[in-house]
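Have a look at the structure below, then the notes.
The values are calculated or read from the model by the stated rules, or taken from the named source; none is laboratory data. All of these numbers come straight from a predicted model, not from anything done at the bench. Cβ placement follows ideal geometry from the backbone for every residue including glycine, while neighbour counts extend to all protein chains displayed. Accessible surface is based on the protein model in full, side chains and every heavy atom, while ligands, DNA and RNA are left aside. Shrake-Rupley method; radii C 1.70, N 1.55, O 1.52, S 1.80 Å.
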Amino acid sequence: MWCRCTENGRGPRQREGIEKAKGTGVYRGGKPRIDHQRVAELLRADMGASEIARVVGCSRMQVYRIMQNYT
């Protein structure tokens, strides 16, 4: 029971803290780990997902997710 009480109140408080930090420039979010433009270039060069994943250094699933945005 105690856990549910803290879980219910944590979301709004956490969101408020993040918004406050964004306002002061402290919170910037996550850094991009994959060069989406590079993946798009390789897709246009007719490379397969496995080969692109090897070249870029990520998983095939991440390549498939990027493909959805560029196709």
Fill in the blank from the handout: Exactly one of Val63, Val55 is surrounded by 14 or more Cβ atoms within 10 Å (Cβ to Cβ) and modelled with pLDDT of 95 or more, and that one is Val63
Exercise for the section: Output the qualifying pairs, or none if there are none: Cβ atoms under 9 angstrom, residues six or more apart or on different chains, first residue in region 14-25 and without any contact (Cβ under 8 Å) to a residue 40 or more places away in the chain, second residue surrounded by 11 or more Cβ atoms within 10 Å (Cβ to Cβ). Expected result: Gly17/Tyr27; Ile18/Tyr27; Glu19/Tyr27; Lys20/Tyr27; Ala21/Tyr27
Exercise for the section: Specify the residue that is farthest from the chain's Cα centre (by Cα); the eligible residues are those in region 45-71 that are in a loop (DSSP other than H, G, I, E, B) and closer than 16 Å to Pro32 by Cα. Expected result: Gly57
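In region 27-50, which residue that is modelled with pLDDT of 90 or more and out of contact with any helix residue (DSSP H, G or I) (no Cβ under 8 Å at 6 or more places or on another chain) is most open to solvent (accessible area, probe 1.4 Å)? If you could, list the steps in order and put the result at the bottom.
First pass over region 27-50, keeping only residues modelled with pLDDT of 90 or more: 34-50.
Restricting the remaining residues to those that are out of contact with any helix residue (DSSP H, G or I) (no Cβ under 8 Å at 6 or more places or on another chain) gives 37, 41, 44-46, 48.
On the way: Gln37: 104, Glu41: 95, Arg44: 164, Ala45: 66, Asp46: 137, Gly48: 38 Å².
Looking at residues that are modelled with pLDDT of 90 or more and out of contact with any helix residue (DSSP H, G or I) (no Cβ under 8 Å at 6 or more places or on another chain), I get Arg44.
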